[in-house]
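Novice: Submitted below is the structure of interest, expressed as structure tokens.
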Amino acid sequence: MDFIGYAIPFAGAAIAIFLAGFGSSVGISTAGQAADGVLTEDPDKFPSLLILVVLPGTQGIYGLLGGFLIMFKLGLLGGTPVSLNLVQSWQIFFAALPVGFASWISGIHQGKVCAAGVAMAARRPETLMKGVIYGAMVETYAIFGLITTILLLWSIKI
Amino acid sequence: MAISPMKKVNIIAHRGIQADLLQRLQDLEALHISDFREGSTDQGKATSHKNGEVTDERLEARISNIQSAINYLSQFEESRGLISGVLSPKIILSREQFQRVVDAFDEVAVVQQCRDLEKEANDLFSEIGRVEFLMDQLTPWIDLDVPFEDLAPTEYTTTLLGLLPPKILPDLRMKALNLTETFEVVNVHQGKEGTYLVAIFHNAFKQDLLDLLKGFGFEEMKFPDLKGTPREIYQRGISRIRELRQMIHTIGEKSRALVHHRHNLQVLYDNLSSQLQRKKAECHFGQTSDTFVIEGWVPAGKWPNFQEQLNGEFDELALVEAEQMDRETPPICLDNPKPIRPFEVITELYGMPNSREFDPSPFLAPFFFIFFGLCLTDAAYGIIITATFLFLLKKYRATLGKIKLMWVLLFGGISAIFMGAITGGWFGDLVNYLPPSLNFLKKGREVLMVFNPMDQVMTFILIALILGFIQICFGLVIRTVRNIRNGDLVEALCSPLAWLILINSIVLVFLGYKGTLPPFLKTIGLAMVGLSSLTIVLFTDRTTPNRILRIAWGVFELYGITSYLGDVLSYLRLFALGLATAVVAMVVNLLGSMVLSWPYVGWAVFILLFTIGHLFNIVINGLGAFVHTLRLHYVEFFPKFFQGGGKPFRPFQKNPKYTIITDGLQ
């Protein structure tokens, strides 16, 4: 089949990056607002709360990672651009979905868990790490999404 | 073992030495004071004469006064730079210097001065607020060229100032002129919120006109006691504010002159708060009219020194080793060799082990070390992290050196160097961009590199899974050993050991099917799978008399195998995070190589991009590496064997907030 251009894989990369970025920004905003509320009372807590606030940021990076891996796969970043047929294009598109969707939803919800963690750490600073661990539990599923995307991408034969 | 054995002691002493003894105990930092009244058998001999917390209100008030003076002065201190500001280094001084300050420095005058200055400044600030509010109100009237005193009511006329809703002035004027001709409106200012106007009318029509104005939604504004035109008053306000700011500035100067007292205040604060702690400890003592009894725990390792020091210094004192009673649990003090000690913080964050189990710190240390490095997998990042923490720990040794987390991160950096070298990560794939003259670096990287995670994804995945499997098995081994040590051989055989055999034989069977291992192992594996799962089904719940229920619980327990699968898969995060670091680094390099070709500014932009990009990657992925390594230990590793519930050993000590005394006794 003839080379049909990169529109479909590009759509995949775009979805991975923007959904994940969306999830992360909502998540960080939720946690950040909670932290701001605490800081008005006690500005010294800034460094410790920062951990909880940036925690939902990793999803955005996973999405970015997925997007860039697609670009690597296409040979756009430091390589020779490959020629794709329709099936391969769609394969790349679908491979991008797990990281995009998992990061999107988990980012939003991780933000909520982190916001609760902020409230907890405000009252009892010694529980900070426990809040972080709960936040990290949500992130597991974004990581699974990323792993699936990576494995799917690697299994596509071009 | 890594949990230090504890000695329970009673210290019986004469009241006369109480103050000296307590101070000495604080310095020794070796005694965990428990409540004498609880669990004491000889209640008859000595009773604790006070109930609840002992407090000294005067002392507490003095401490809080000093604290507020310190806080007040802190805003006038010269900024100390970012790092020092965040770390707020402590004052390091010798015992003599400390005592000299305590003896010589009287805080009352300084505290009073601070309080006065603060109050004065607050008053000035609130006056500024009032003036600014008035000026705000006057702004729309600025063009009114009449002094306010001229707007006062006269014998025949009334003058009103106020705000009328927008666009109805002509209407109002018409209605008013229908009533009377002695009505004059001056439109002073047209604002978004309405028309600011002055209305003048004859007193004879006052009531009618007031009603009319009210009907139009007119809001009267009053400026009583003001003299001069609005513009004059406004100008006066500006100069008054300037004056007030100058006064605040003067107060700032005065306060700045007091800043040099801050260190003394802090020394005094620490001294008084340790005094308060001694006071508070008193409520845990047993008391008679002439003696008092302290009950507590001393780690066995510190016991000889503790005994020697106290007996050497005090005569009117008896140190008695007490029997540990059955229901008593000693506080837990972790005691590990130096390289493992920082990793105790991982255990402490989760909760202390109880006295019947092992301290998990030595077991988790090697895993934590490896996992953190695998999540970063970049040698150059590792070098940067290591160098940063070495620098910080060297420079702020007295403060930061005590923080175990710092050392853990230092070790993490070292680990990242190893893992980075193995996977060939040096600022990602930076070597590929180097000019040919630096080819030896490329060679060096290849010599150290064991596998390339970008090409050999499956290798990396397998490494992550195998490490996870090993850690989970290790956890089960620990539980087996603990059960055996505690004499519960049956539990060891039926639960952790059975699971250990089960998951290992499943792997055996799997590898047998795949042909990686000789097929006869598959048969052995299958037999062991059957045997161990049967053990789990039949013997996990050994207490329930109802056999059907017992087996049902056993089957349910066996279903837990899925969680083992999930646990092992969870270790894939090591791979995902490792790859994430590498890919982000590659992207930074790629962008850098693109801007490098820009004319003129290329190099500058490149350096900026390179620094910020990689720094960002280090911080974000370093945080991820730490958090996720921690999570793997807390969620996957610890539940396999860790019970927890021990209460931490909290030695009676000074706990200074601002100072560090260098010539300690230990």
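Novice: Send over the semi-axes of the stretch B:146-228's equivalent ellipsoid, whole angstrom and largest first, taken as the square roots of 5 times the C-alpha gyration tensor eigenvalues. Please list the in-between numbers first.
Specialist: Numbers: eigenvalues 72, 60, 20 Å².
For the stretch B:146-228, the ellipsoid semi-axes come out as 19, 17, 10 Å.
Novice: Provide the three semi-axes, in whole Å and in decreasing order, of the ellipsoid equivalent to the protein assembly as shown as defined by the square roots of 5 times the Cα gyration tensor eigenvalues. Walk me through the numbers on the way to the answer.
Specialist: Numbers: eigenvalues 742, 453, 162 Å².
Calculated on Cα positions only, the semi-axes equal 61, 48, 28 Å.
Novice: Loop-only check: which chymotrypsin sites (Phe, Trp or Tyr not before Pro) in the stretch A:1-84 are DSSP coil with at most 15 other Cβ within 10 angstrom?
Specialist: Sparse-neighbourhood loop chymotrypsin sites (Phe, Trp or Tyr not before Pro): A:Phe3.
Novice: 222 nm [θ] for chain B, helices only, -39500 (n - 2.57) per DSSP H run of 4+, per residue, to 500?
Specialist: Mean residue ellipticity, 222 nm, calculated: -19000 deg cm²/dmol.
Novice: Using Cα-only point scatterers and the Debye equation, what is log10 of I(q)/I(0) for chain B at each q in 0.10 Å⁻¹, rounded to two decimals?
Specialist: Ignoring solvent entirely, the Cα scatterers give -1.09.
Novice: Here's a follow-up. Taking B:Lys514 as the anchor, which lysines have their alpha carbon closer than 21 Å to its alpha carbon, excluding any fewer than eight residues away along the same chain?
Specialist: Answer for B:Lys514, where 21 Å is the Cα cut-off: B:Lys522, listed by chain and number.
Novice: Now, a different point. What trypsin sites (Lys or Arg not before Pro) in the stretch B:537-575 are in a loop by DSSP, with at most 14 other Cβ atoms within 10 Å of the Cβ?
Specialist: Values: sites: B:Arg542, B:Arg547, B:Arg550, B:Arg573; in loops: B:Arg542.
Of the trypsin sites (Lys or Arg not before Pro), the ones in loops of the stretch B:537-575 whose Cβ has at most 14 other Cβ atoms within 10 Å are B:Arg542.
Novice: Apply the a/c threshold of 1.5 to the C-alpha gyration tensor of the stretch A:7-155 and tell me whether it is rounded, prolate or oblate.
Specialist: Judged from the Cα gyration tensor, the stretch A:7-155 comes out prolate (a/c at least 1.5, a/b above b/c).
Novice: Which residue, chosen from A:Tyr141, A:Phe18, A:Ile51, occupies the Cα position most advanced towards the positive end of the dipole of chain A, where the dipole is computed from +1 (Lys, Arg) and -1 (Asp, Glu) charges on Cβ about the Cα centre?
Specialist: Highest projection toward the positive end goes to A:Tyr141.
Novice: What does the extension gain come out to for B:Glu220 and B:Arg245, with contour length at 0.36 nm per residue minus their alpha carbon separation?
Specialist: Values: separation 25, 0.36 × 25 = 9.00 nm, distance 3.26 nm.
Length difference between fully extended and current span is 5.7 nm.
Novice: Calculate, in whole percent, how much of the Cα-Cα pair population of the stretch B:458-570 lies beyond 19 Å.
Specialist: Details: 3334 of 6328 pairs.
Percent of Cα pairs beyond 19 Å in the stretch B:458-570: 53.
Novice: Same structure, new question: Please rank B:Phe575, B:Phe358, fewest neighbouring Cβ atoms within 10 Å first, as an exposure proxy.
Specialist: Ordered from fewest to most neighbouring Cβ atoms within 10 Å, B:Phe575, B:Phe358 come out as B:Phe358, B:Phe575.
Novice: Moving on. Calculate how steeply helix A:7-41 sits against the longest principal axis of the alpha-carbon atoms of chain A, using the helix alpha-carbon long axis, and give the answer as 0 to 90 degrees to the nearest 10.
Specialist: Result, in degrees: 10.
Novice: Ok, one more. Taking the Cα centre of the protein assembly as shown as the origin, how large is its charge dipole in debye, to the nearest 20, when only Lys and Arg (+1) and Asp and Glu (-1) carry charge on their Cβ atoms?
Specialist: On the way: 70 positive and 75 negative charges, 607 e Å.
I would put it at about 2920 debye.
Novice: Something else now. Inside 10 Å of the C-beta atoms of B:624-631, what's the mean count of C-beta atoms belonging to other chains?
Specialist: Values: counts 9, 0, 2, 10, 6, 1, 4, 8.
Across B:624-631, the average partner-chain Cβ count within 10 Å equals 5.
Novice: For chain B, what is the relative contact order in percent, using Cα pairs closer than 8 Å and at least 6 residues apart in sequence? Display every interim value, and only then the final one.
Specialist: On the way: 891 pairs, mean separation 152.1, N = 666.
Worked out over chain B, it gives 23 percent.
Novice: FRET efficiency for B:Asp143 and A:Thr127, Cβ-Cβ distance as r, R0 = 45 Å, nearest 0.05?
Specialist: Details: r = 60 Å, r/R0 = 1.34.
Once the sixth-power term is evaluated, E becomes 0.15.
Novice: Based on Cα positions only, what radius of gyration and what Dmax would you give for the stretch B:345-502, in angstroms?
Specialist: 20.3, 67
Novice: How much length is gained on full extension from B:Glu348 to B:Thr562, taking 0.36 nm per residue of separation minus their Cα-Cα distance?
Specialist: 74.1 nm
Novice: Please give every one of the aspartates and glutamates within straight-line cross-link reach of B:Lys404, meaning a C-alpha to C-alpha distance under 17 Å, and leave out same-chain neighbours fewer than 8 residues apart.
Specialist: A:Glu126, B:Asp335, B:Glu344, B:Glu348, B:Asp359
Novice: Can you give the angle from 0 to 90° between the axis of helix B:230-258 and the longest principal axis of chain B, with both taken from C-alpha atoms, to the nearest 10?
Specialist: For B:230-258 against chain B, the angle is about 40 degrees.
Novice: For peptide B:507-513, how many partner chain Cβ atoms fall within 10 Å of a residue's Cβ, on average? If you can, show how the numbers build up before the last one.
Specialist: On the way: counts 0, 0, 0, 0, 0, 0, 0.
Across the residues of B:507-513, the mean count of other-chain Cβ atoms within 10 Å is 0.
Novice: Return one number: the angle in degrees, 0 to 90 and rounded to the nearest 10, between the long axis of the Cα atoms of helix B:498-514 and the longest principal axis of the Cα atoms of chain B.
Specialist: Roughly 80 degrees between the two axes.
Novice: Past 26 Å, Cα to Cα: identify those pairs from B:Lys280/B:Lys395; B:Lys119/B:Lys279; A:Lys45/B:Lys395; A:Lys45/B:Lys90, in the order given.
Specialist: Details: B:Lys280/B:Lys395 35 Å; B:Lys119/B:Lys279 32 Å; A:Lys45/B:Lys395 24 Å; A:Lys45/B:Lys90 19 Å.
Violating the 26 Å limit, Cα to Cα: B:Lys280/B:Lys395; B:Lys119/B:Lys279.
Novice: Now for a different question. Using Cα positions and a limit of under 22 Å, work out the lysines in reach of B:Lys167, with same-chain residues fewer than 8 apart set aside.
Specialist: Cross-link targets: B:Lys175, B:Lys192, B:Lys214.
Novice: Which residues among the stretch B:201-221 fall inside the zone where the amide N is under 15 Å from a point 7 Å beyond the Cα of B:Lys175, along Cα→Cβ?
Specialist: B:207-220
Novice: Calculate, in nm to one decimal, what B:Met325 and B:Phe510 gain on full extension: separation in residues at 0.36 nm each, minus their alpha carbon distance.
Specialist: On the way: separation 185, 0.36 × 185 = 66.60 nm, distance 5.16 nm.
Working it through step by step, the gained length comes to 61.4 nm.
Novice: List the chymotrypsin sites (Phe, Trp or Tyr not before Pro) in the stretch B:178-266 that DSSP assigns to loop (not H, G, I, E or B) and whose Cβ has at most 13 other Cβ atoms within 10 Å. Which are they?
Specialist: Numbers: sites: B:Phe183, B:Tyr196, B:Phe201, B:Phe205, B:Phe216, B:Phe218, B:Tyr234; in loops: B:Phe216, B:Phe218.
Filter output for the stretch B:178-266: empty list.
Novice: The stretch B:354-373 to the stretch A:79-158: how many Å between their Cα centroids?
Specialist: Using only Cα atoms to place each centre, the spacing works out to 28 Å.
Novice: Shifting gears a bit: Starting with the highest mean, order B:552-559, A:101-108 by the number of other Cβ atoms within 10 Å, averaged over the residues of each peptide.
Specialist: Details: B:552-559: 15.2, A:101-108: 25.6.
Output ranking for B:552-559, A:101-108: A:101-108, B:552-559.
Novice: May I pose another question? Can you tell me the FRET efficiency between B:Glu96 and B:Arg397 if r is taken as the Cβ-Cβ distance and R0 is 22 Å, rounded to the nearest 0.05? Mind showing how you got there, number by number?
Specialist: On the way: r = 22 Å, r/R0 = 0.98.
Result of the calculation: an efficiency of 0.55.
Novice: Within 10 Å of each residue's Cβ, count the other Cβ atoms and sort B:Met449, B:Met174 from fewest upward. Could the numbers behind the result be given before it?
Specialist: Details: B:Met449 16, B:Met174 9.
Least to most surrounded, the residues fall as B:Met174, B:Met449.
Computed from the coordinates by the stated procedures, all read-outs in this text should not be read as laboratory data. This structure is a prediction, so every number in the text was calculated from the model and none was measured. Note: ideal-geometry Cβ built from the backbone for every residue, glycine included; neighbour counts use all protein chains shown.
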